[in-house]
Every structure is written in C-alpha cells, then in structure tokens.
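The values are calculated or read from the model by the stated rules, or taken from the named source; none is laboratory data. All figures in this text were calculated on a predicted structure; none of them were measured in a lab. We place every Cβ from the backbone using ideal geometry, glycine too, and count neighbours over all the protein chains shown. These area figures cover heavy atoms from the full protein model, side chains too; ligands, DNA and RNA do not enter into them. Shrake-Rupley method; radii C 1.70, N 1.55, O 1.52, S 1.80 Å.
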Amino acid sequence: MSKIAAVAGLVVLMAACGDKSAETPAVDTTMQAAAPAPAPAGATHDVNMIMEGTAYKFVPAELSIRAGDQVVFHNVSGGPHNVAFWPDSIPAGGKEVIDPQLKDQIAPLSSALVVEPNATISISFAGAPVGEYRFTCTPHMAMGMHGKITVQ
C-alpha cells in the first residue's frame, strides 16, 4: 500500500513541476465596461424637489433652457415626488418628445414616483418645440408644487 501512495505522490509532484508552456493560456475573465452613453448635446440643468418647512417645491421653480438641453430632477426631501406635465400647457409636439422618456408612468406625461433619497428623473429636450412646459408633482399638486420650463 505504501508503494502505491509513493507512486501517486510522485505523479502529483511531476504534474505540478511539468512543462508550463504546454498549458492553455489564461483567459481574461474581467468584465469590460460598456461604452458610456453619449452625453446630451446641450447643457444639463438641475432642479431639486424639496420640502422646506411645510412647503413642497421645485427649486428652481422656473427655468429657461435651449432645445437640446437636459433637465434632471433630484428627490432631495419630502418625497415621494414625480414630474407631471400638464397636457394642455405644453407646446404642440411636446408630448411626443417627453412621453417616451418617462418610464413606468403613472399617467400620460407623468413620471413614476421617486421615493429613494437622491433618486433622479431626467428629461431631454432634444427636438422639443420651443415654448412653455408647465409641470407639477402629483402627490403635492394641492400644496402648490408646480414649475415651468421655457424652451427657447
């Protein structure tokens, strides 16, 4: 029995010390990062959704941008919040630009609710018609949480 153990030990030792050049080359299994999404063509504007004291508001509540700019709404405090555009208070053709960007809508032209702190809602105005885009926060509409984006 000890001879078998000695032979087995020698086989293992020889295999460990064998010619490494005959082995299969190592495969790189690291994940390659996906190419970053292209940056918006225009500027990025930030709007905070906050509760200050007992007042719910967008800061700034009014914003002038250029067609091609992006607006990022940040849930800072007092959530849940969302961004809901008034269908009768946006330019003709605006719905076709905004609506496809709003994932998990709770209504047409109305984003999903953001609950997590620092969660964002991003809307690109690339291809948006010039004019005023009035919006509100659905849960805080009765409390006067309204805003306006003017696309120039």
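Taking the criterion of being of a type outside the set (G, A, S), more than 18 Å from T120 (Cβ to Cβ) and modelled with pLDDT of 95 or more, the residues of segment 53-71 that qualify are E62, R66. Every condition in (1) under 14 Å from A128 (Cβ atoms); (2) among the aromatic types (F, W, Y); (3) open to solvent by 80 Å² or more (accessible area, probe 1.4 Å) holds for W86 except the one numbered (1).
Residues that are surrounded by fewer than 21 Cβ atoms within 10 Å (Cβ to Cβ), under 14 Å from L63 (Cβ atoms) and of a type in the set (V, I, T) do occur in segment 133-150, at least one of them.
Are any residues in segment 80-110 of a type in the set (G, A, S) and in a loop (DSSP other than H, G, I, E, B), and if so, which ones? The answer is A92, G93.
Evaluation of I4 against the conditions (1) of a type in the set (A, V, I, L, M, F, W, C); (2) at pLDDT below 50; (3) within 20 Å of the chain's Cα centre (by Cα) shows that the sole unmet condition is (3). Being open to solvent by less than 70 Å² (accessible area, probe 1.4 Å) and either under 13 Å from V151 (Cα atoms) or among the aliphatic types (A, V, I, L, M) (or both) holds for only one residue in V130, V72, V115, and it is V72. The residues in segment 112-126 that are touching a His at 6+ places or on another chain (Cβ under 9 Å) and on the phi < 0 side of the Ramachandran plot can be counted, and the count is 6. Check segment 51-58 and report whether any residue there is within 18 Å of V151 (Cα to Cα), without any contact (Cβ under 8 Å) to a residue 60 or more places away in the chain and surrounded by 18 or more Cβ atoms within 10 Å (Cβ to Cβ). Checking segment 51-58: not a single residue is within 18 Å of V151 (Cα to Cα), without any contact (Cβ under 8 Å) to a residue 60 or more places away in the chain and surrounded by 18 or more Cβ atoms within 10 Å (Cβ to Cβ). Restricting the first member to segment 111-122 and to residues that are over 20 Å from K95 (Cα atoms) and part of a loop (DSSP other than H, G, I, E, B), and the second to residues that are modelled with pLDDT of 95 or more and among the hydrophobic types (A, V, I, L, M, F, W, C), the beta-carbon pairs closer than 9 Å and six or more apart or on different chains are P117/V76; N118/V76.
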